[in-house]
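Reviewing the structure listed below.
The values are calculated or read from the model by the stated rules, or taken from the named source; none is laboratory data. These numbers come from a predicted model, not from an experiment. Note that we place each Cβ from the backbone using ideal geometry, even for glycine, and neighbour counts take in every protein chain shown. With ligands, DNA and RNA removed, areas are computed over all heavy atoms of the protein, side chains included. Shrake-Rupley method; radii C 1.70, N 1.55, O 1.52, S 1.80 Å.
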Amino acid sequence: MKNWSELCEQALNLHPERRLDEILGPLPLDSMTLAALNDDRVFSVMTRRIFRAGLKHSLVDAKWPAFEQAFFGFNPEAVEEMSDEALEQLMHNPQLIRHFGKIKATRANAVLITDLAREYGSVAGMIAQWPEDNIIGLWQLFKKRGKQLGGNSGAYFLRMLGKDTFILTDDVIVALKAQGVVDKKPTAQRDLEHVQEAFNQLREQSGRPLCQISRLLAHSIG
């Protein structure tokens, strides 16, 4: 695995029109700001990510005020009490994206949010305190206990929320393969652990957050 300085040089050589700060992009939220988010906002961001998957983001975002209204401002206690009939009725609302699998997942994820709130006191607080050197463990929690949060959806949700995470985009996977970290798309636990270790090493070298390391790797390939 190349070190941080070598990856920076490689990315800048491949993208001479861009400055390093442009390649690295913004920082994640600090833990205090993230922990202060209300659970309804965490739930809203989670659901928006799920509905964005496979669709143009601007389309979903334009409809989001209607989603906020349909799902009671993403009050998780209210959403988890929605009946099957109430969910089915949403399929007749032209202001929404009428994907019944994702609509049903919203109720299931309301249960997840309320469960986590009981366990940790605050979902945002739990996410904020989760150690970035085991971010794959947080991905796995949401994949196992939530709905429609597998693949990269859990990581994208965390990134949207402001939690520091890398994302295994196609470009990042190609870069990791080029650096000898993995030889295929990492899905098995052992491969994900190798990826986490590589990111942890670069984080220690550079002092940079995982999200910026992720973007640098994506820009380090031709």
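With springs only between Cα atoms under 10 Å, which of Thr114, Thr106, Thr165 fluctuates most in a Gaussian network model of the chain?
Among Thr114, Thr106, Thr165, the largest mean-square fluctuation in the Gaussian network model of the chain belongs to Thr114.
State which stretch of the chain is the longest one without any exposed trypsin sites (Lys or Arg not before Pro), exposure meaning a DSSP loop state and at most 15 other Cβ atoms within 10 Å. All intermediate terms of the calculation are to be shown ahead of the outcome.
Working: sites that count: Arg18, Arg19, Lys56, Arg98, Lys184.
Longest gap between qualifying sites, sites excluded: 99-183.
Which listed residue (Met46, Leu34, Leu12) has the Cα farthest towards the positive end of the charge dipole for the range 1-70, taking +1 on Lys and Arg C-beta and -1 on Asp and Glu C-beta about the Cα centre?
Towards the positive end, the residue furthest out is Met46.
Given a cut-off of 29 Å, name the pairs among Lys2/Lys184; Lys2/Lys143; Lys104/Lys163; Lys163/Lys185; Lys102/Lys177 whose C-alpha atoms lie farther apart than that in the structure shown.
On the way: Lys2/Lys184 18 Å; Lys2/Lys143 31 Å; Lys104/Lys163 26 Å; Lys163/Lys185 23 Å; Lys102/Lys177 33 Å.
The pairs that break the limit, which is 29 Å between Cα atoms, are Lys2/Lys143; Lys102/Lys177.
Provide the net charge surrounding Val42, with neighbours chosen by a C-beta distance below 12 Å and charges set as Lys +1, Arg +1, Asp -1, Glu -1.
Working: positive: Arg41, Arg48, Arg49, Lys163; negative: Asp39, Asp40.
Around Val42, the surrounding residues sum to +2.
Over the Cα atoms of the range 1-120, what is the Rg over Rh ratio if Rh follows Kirkwood? Let's see the in-between values first.
Details: Rg = 19.5 Å, Rh = 17.1 Å.
With Rg and the Kirkwood Rh in hand, the quotient comes to 1.14.
Would you mind getting the Kirkwood hydrodynamic radius of the range 84-210 from its Cα pairs, rounded to one decimal in Å? Working shown, then result.
Values: mean 1/r = 0.0609 Å⁻¹.
When all Cα pairs of the range 84-210 are included, the Kirkwood radius is 16.4 Å.
Considering only DSSP states other than H, G, I, E and B, which chymotrypsin sites (Phe, Trp or Tyr not before Pro) in the range 48-85 qualify as loop sites with at most 15 other Cβ atoms within 10 Å?
Passing sites in the range 48-85 do not exist.
Roughly speaking, to the nearest percent, how much of the chain's 1.4 Å accessible area is carbon and sulfur?
Values: 5420 of 11010 Å².
Using a 1.4 Å probe with all protein chains present, the chain comes out at 49 percent carbon and sulfur.
Residues of the chain: accessible area per residue at 1.4 Å, in Å²? Can you show the working numbers first?
Details: 11010 Å² over 222 residues.
Here the residues of the chain average 50 Å² of exposed surface.
With a cut-off of 8 Å between alpha carbons and a minimum separation of six or more residues, what is the relative contact order of the range 27-150 in percent?
On the way: 111 pairs, mean separation 41.5, N = 124.
Relative contact order for the range 27-150 comes out at 34 percent.
Roughly how big is the chain's charge dipole about its Cα centre, with Cβ charges of +1 (Lys, Arg) and -1 (Asp, Glu), in debye to the nearest 20? Write out the running numbers ahead of the final one.
Details: 27 positive and 28 negative charges, 110 e Å.
Charge dipole, the chain, about its Cα centre: 520 debye, nearest 20.
Restrict the search to the range 1-67; then list the GluC sites (Glu not before Pro) that DSSP places in a loop and that have at most 14 other Cβ atoms within 10 Å of their Cβ. Working shown, then result.
Working: sites: Glu6, Glu9, Glu17, Glu22; in loops: Glu17.
Those satisfying the criteria are Glu17.
Which ³J(HN,Hα) values in Hz, rounded to whole numbers, follow from the phi angles of the range 73-83 under the Karplus curve 6.51 cos²θ - 1.76 cosθ + 1.60, where θ = phi - 60° and Gly and Pro get x?
x, 6, 5, x, 5, 5, 5, 5, 8, 5, 7
Under Stokes-Einstein, with the Kirkwood radius over Cα pairs standing in for Rh, what whole-number D in µm²/s applies to the chain at 25 °C and 0.890 mPa s?
Values: Rh = 18.6 Å.
Translational D for this selection: 132 µm²/s.
With a Cα-only, solvent-free Debye model of the range 47-114, what are the log10 I(q)/I(0) values at q = 0.14, 0.21, 0.23 Å⁻¹?
Those come out to -0.36, -0.85, -1.03, one per q.
If you project the alpha carbons of the range 25-75 onto the principal axes, what extent comes out on each, in Å, largest first?
Taking max minus min along each principal axis of the Cα atoms, the range 25-75 gives 30, 29, 14 Å.
Quick one: Debye curve from the C-alpha atoms of the range 158-220, no solvent, what's log10 I(q)/I(0) at q = 0.13, 0.17, 0.18, 0.28 Å⁻¹?
-0.31, -0.53, -0.60, -1.35
Could you tell me the relative contact order of the chain? Use alpha-carbon pairs under 8 Å, at least six residues apart, and round to a whole percent. Please report the intermediate quantities before stating the final value.
Details: 257 pairs, mean separation 69.6, N = 222.
In percent, rounded to a whole number, it is 31.
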